[in-house]
Amino acid sequence: MQQGEDRPSVIRHATIELEVHFPSERGEVWNTLTNHMPRWIPKTYYSLPTSKRMVFERKIGGNVYEAGDHGSGLVWFQITAMIPDTHIAFKGYLFPAWGGPGVSFLTFDLSQTTSGCKLLLTDQAIGVITADTENTWRNGWKDLITNHLYPYLINFYNRVELK
């Protein structure tokens, strides 16, 4: 958004849902989603030019954040609930420069299926959120999960892709 550009001030609720099936056990998807997150999120998604890596503090109250040199960084989310191998919930703040102001509530739910594991991502946000911002988030999550997490998991565990 350009400096001085008018921004809508209507508070709205937006929900993004994405369901992806993996040819892997639920524990493998959980491990890749959490422990390997710094490896499958590409640097092109980092918000700060000084960020060098992603950090995932896998504990209640832990943060998911970009870390850079000399103490620079940006928190994406904080973990608010976790049931290992099954469910993880986050809250995040949306600053105006990144589509807010608002608050995001993100969950990943995993369930075992006969052919592997189903991941259900739900990102709900409330705030000054435009339709363009909502579409950007939707496309971003779809890209991260289907073009980065999925292939990383397939390669790491040497699985055959689902058709």
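The values are calculated or read from the model by the stated rules, or taken from the named source; none is laboratory data. For clarity, every value in this text was computed on a predicted model and none was experimentally measured. Note that each Cβ is placed from the backbone with ideal geometry, even for glycine, and that neighbours are counted across all protein chains shown.
Going through 40, 30 one at a time, which residue ends up being farther than 15 Å from residue 147 by Cα, among the aromatic types (Phe, Trp, Tyr) and at pLDDT 95 or above?
Only one candidate qualifies: 30.
Would you check if residue 107 is polar (S, T, N, Q) and within 22 Å of residue 148 (Cβ to Cβ)?
yes
Just one of (1) under 16 Å from residue 27 (Cβ atoms); (2) at pLDDT below 95; (3) not hydrophobic (A, V, I, L, M, F, W, C) trips up residue 118, so point out which.
Evaluating residue 118 over (1) under 16 Å from residue 27 (Cβ atoms); (2) at pLDDT below 95; (3) not hydrophobic (A, V, I, L, M, F, W, C) leaves (2) as the failure.
Would it be correct to say that residue 150 is of a type outside the set (A, V, I, L, M, F, W, C) and crowded, with 19+ Cβ neighbours inside 10 Å?
Here the answer is yes, as residue 150 does meet what is asked.
Taking region 107-128, which residues are touching a His at 6+ places or on another chain (Cβ under 8 Å) and closer than 17 Å to residue 76 by Cα?
Scanning region 107-128 gives 107, 108, 124, 125, 126.
Does any residue in region 136-163 that is among the aromatic types (Phe, Trp, Tyr) come within less than 6 Å, Cβ to Cβ, of a residue that is modelled with pLDDT of 95 or more and in a helix (DSSP H, G or I) six or more places away or on a different chain, and which pairs are these?
Correct list of pairs: 152/40; 157/28.
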